[in-house]
Amino acid sequence: MIMSPLTRTDERQLEQAERQSQLIVPPLNFAMIAPGIYRSGFPNPKSQPFLLQLGLRTILYVYDGDCQPYHQEFIQSNSINYKHFRVAANKEPFEEMDHSLVAQILAEVLDTRNHPLLIHCNRGIRRVGCLVGCIRKLQGWAMTAIFDEYQRFSGTKIRISDQEFIEVFRHPVSIDPQFQPAWLSDQQT
């Protein structure tokens, strides 16, 4: 079989296809919370190369549903520590995230031995948004700034019950001062 030489158009199409195959796609609602701490929605297989570049040591999944098998396989094959916290969402009028469980999750997030760390829920909006709000309180942020950040990620999915949870959360978070992030002072835990 004789192959004809590639035309300029063919070469451009091949180059474009190669670039697209190398695209790195972050998970939904991905952002850095603080150095070594990231947030997102549930990672899909296309986001795995991106996650590998972060050099994650730990992934925390905060959702009341089960983890997808492809995600568990990714975690195991890359020797990433994994913890699944079954956290119910805040729902009016009577359902609220468990304050002691949130404090336990925050202790994991704030322990530098777990960094770099990704914390994710299903969409990276509500449960993670509440946890990030609690971290911001520990950092001394004003409530208006905390709610602004929450709203940027939640878009039209804002729940007043989440904002109320962040505002009233006062449960002590136990972390070893030797392993707390440098940006967190002793007085704030």
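The listed residues are 46, 83, and the only one of them that is modelled with pLDDT of 95 or more, basic (Lys, Arg) and farther than 16 Å from residue 129 by Cα turns out to be 83. For the stretch 124-144, the criterion of being crowded, with 19+ Cβ neighbours inside 10 Å, modelled with pLDDT under 95, under 13 Å from the mean Cα position of the chain (by Cα) and basic (Lys, Arg) is met by at least one residue.
Within the stretch 134-156, the set of residues being part of a loop (DSSP other than H, G, I, E, B) and either among the small types (Gly, Ala, Ser) or closer than 24 Å to residue 64 by Cβ (or both) comprises 140, 142. Taking the criterion of being out of contact with any Ser or Thr (no Cβ under 8 Å at 6 or more places or on another chain) and open to solvent by less than 30 Å² (accessible area, probe 1.4 Å), the residues of the stretch 145-188 that qualify are 146, 149, 150, 154, 161, 163, 165, 166, 169, 184. Exactly one residue among 179, 94, 85, 147 is under 17 Å from the mean Cα position of the chain (by Cα), farther than 14 Å from residue 33 by Cα and aromatic (Phe, Trp, Tyr), and that residue is 85.
Results for (1) open to solvent by less than 40 Å² (accessible area, probe 1.4 Å); (2) of a type in the set (Phe, Trp, Tyr), shown as yes or no for each residue.
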residue	(1), (2)
58	yes, no
64	no, no
70	no, yes
84	no, no
90	yes, no
114	yes, no
119	yes, no
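Restricting the stretch 87-109 to residues that are over 20 Å from residue 153 (Cβ atoms) and either in contact with a strand residue (DSSP E or B) (Cβ under 8 Å, 6 or more places away or on another chain) or of a type in the set (A, V, I, L, M, F, W, C) (or both), the residue that is modelled with the lowest pLDDT is 94. So which residues in the stretch 1-43 are among the hydroxyl-bearing types (Ser, Thr, Tyr), open to solvent by 60 Å² or more (accessible area, probe 1.4 Å) and at pLDDT 70 or above? Once the filter is applied, which keeps residues that are among the hydroxyl-bearing types (Ser, Thr, Tyr), open to solvent by 60 Å² or more (accessible area, probe 1.4 Å) and at pLDDT 70 or above, the stretch 1-43 yields 7, 9. Looking for something in a helix (DSSP H, G or I) and of a type in the set (S, T, N, Q) - is there at least one such residue anywhere in the stretch 118-133? Taking every residue of the stretch 118-133 in turn, none turns out to be in a helix (DSSP H, G or I) and of a type in the set (S, T, N, Q).
Go through the stretch 106-118 and count every residue that is touching a helix residue (DSSP H, G or I) at 6+ places or on another chain (Cβ under 7 Å) and either of a type in the set (Ser, Thr, Tyr) or farther than 22 Å from residue 79 by Cβ (or both). Adding up the residues that qualify gives 2. Residue 80: farther than 28 Å from residue 176 by Cα and open to solvent by less than 40 Å² (accessible area, probe 1.4 Å), yes or no? It is false that residue 80 is farther than 28 Å from residue 176 by Cα and open to solvent by less than 40 Å² (accessible area, probe 1.4 Å). Every condition in (1) touching a Cys at 6+ places or on another chain (Cβ under 9 Å); (2) assigned to a loop (DSSP other than H, G, I, E, B); (3) under 30 Å from residue 50 (Cα atoms) is met by residue 173 except one, and the failing one is (3). When 124, 140 are checked against the criterion of being in contact (Cβ under 8 Å) with a residue 12 or more places away in the chain and either closer than 20 Å to residue 57 by Cα or aliphatic (A, V, I, L, M) (or both), 124 stands alone in meeting it.
When 152, 159 are checked against the criterion of being at negative phi and free of Cβ contacts under 8 Å to residues at least 40 places away in the same chain, a single residue qualifies: 152.
The values are calculated or read from the model by the stated rules, or taken from the named source; none is laboratory data. A quick note: this is a predicted structure, and the numbers were derived from the prediction, not measured. In this analysis, Cβ positions are derived from the backbone assuming ideal geometry, glycine residues included, and neighbour counts consider all displayed protein chains. The accessibility values were calculated without ligands, DNA or RNA, using every heavy atom of the protein model including side chains. Shrake-Rupley method; radii C 1.70, N 1.55, O 1.52, S 1.80 Å.
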